[in-house]
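Down below is the structure, laid out as structure tokens.
The values are calculated or read from the model by the stated rules, or taken from the named source; none is laboratory data. The structure displayed is predicted, hence computed values, not measured ones. No Cβ is skipped: glycine too gets one built from the backbone with ideal geometry, and neighbour counts run over all protein chains shown. In case anyone asks, the SASA skips ligands and DNA or RNA and just uses the protein heavy atoms, side chains included. Shrake-Rupley method; radii C 1.70, N 1.55, O 1.52, S 1.80 Å.
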Amino acid sequence: MKRYLVALLTFLIAFGIASATYKLLDSFLDENINSIIHRLLLLTFAISFMTFFKIGIKQTNTLRNLSLIDFLIIGLILTLFGLNNIFAKELGTEFMYKTILGLTLLNLTVNSIAEEFIYRGFIQTYINEGRTKNKFMVSNGNIFATILMTLTHIGFFLIMTPIFAITSLILVILFSLTAGHLREKTNGLLIPIIFHLTVNYLHFFIQTNQ
């Protein structure tokens, strides 16, 4: 229980400070620039926590540990994300990208890296540290990180119709559990980050093309 409380407290501190900074700068900066600063703060906190608790620093990122089933699951989730975005756009849910292309892509890139470091790099790894693997396929750390990641995406209900907010949250859960599985199976964050980047770029491509 102590590990869960420590992980939750550190997450709330990091997210709280980053969100407060975002609010303070909201009136002065472009939305993408402000979002990049927000995510960079989360990334800094995540790396600091990983260093302080001495977890997740040594990574092998062993791609050969992935099986055909793993790649099929990745393909399925990417397909579901794509279809969800296409249907949402066709029925009127669109995301407007008003700033220059490079800045938007940088925002999406920093967002993907920061979220993987905070959720998979720190929270999941910290919860699982010193634990023997349970009999279930999903580790306790993966479940806890997925719960936190899902809660931070509740804002979908403010920008989407209820049905697509629900389907998007379900996809966030599936994505997070899969990213957590990839983190553990490859012993690294490289593959989860690439997976996350692909999801975000796919979303951007669909939303910015007719």
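Applying the criterion of being closer than 21 Å to Leu148 by Cβ and outside any helix (DSSP H, G or I) to the residues of segment 27-58, the residue that is most open to solvent (accessible area, probe 1.4 Å) is Phe53. Within this structure, Leu25 passes the test of being modelled with pLDDT under 95 and of a type in the set (A, V, I, L, M, F, W, C). For segment 17-26, the count of residues that are in contact with a Gly (Cβ under 6 Å, 6 or more places away or on another chain) and surrounded by 17 or more Cβ atoms within 10 Å (Cβ to Cβ) is zero.
Exactly one residue among Leu158, Leu169 is touching a His at 6+ places or on another chain (Cβ under 9 Å), over 25 Å from Ile55 (Cβ atoms) and without any contact (Cβ under 8 Å) to a residue 24 or more places away in the chain, and that residue is Leu169. Taken over segment 64-96, the residue count meeting the criterion of being over 26 Å from Phe15 (Cβ atoms) and modelled with pLDDT of 90 or more is 18. For segment 161-202, what are the residues that are surrounded by fewer than 19 Cβ atoms within 10 Å (Cβ to Cβ) and outside any helix (DSSP H, G or I)? Selection gives Thr161, Asn187.
Listed by first and then second residue, the pairs with beta-carbon distance under 8 Å, at least 6 apart or on different chains, first residue in segment 108-127 and touching a residue at least 12 places away in the same chain (Cβ under 8 Å) and over 16 Å from Ile173 (Cα atoms), second open to solvent by less than 20 Å² (accessible area, probe 1.4 Å) and basic (Lys, Arg), are Gly121/Arg183; Thr125/Arg183. The C-beta contact set for segment 193-207 (first residue touching a residue at least 12 places away in the same chain (Cβ under 8 Å), second residue of a type in the set (Lys, Arg), distance under 8 angstrom, 6+ apart or interchain) comprises Ile206/Lys89; Gln207/Lys89.
What are the residues in segment 66-85 that are assigned to a helix (DSSP H, G or I) and surrounded by 15 or more Cβ atoms within 10 Å (Cβ to Cβ), if any? Passing the criteria: Asp70, Ile73, Ile74, Ile77, Leu78, Leu80, Phe81, Gly82, Asn84, Asn85. Looking for something modelled with pLDDT of 90 or more and not polar (S, T, N, Q) - is there at least one such residue anywhere in segment 97-104? Scanning segment 97-104, I find no residue that is modelled with pLDDT of 90 or more and not polar (S, T, N, Q), so the answer is no.
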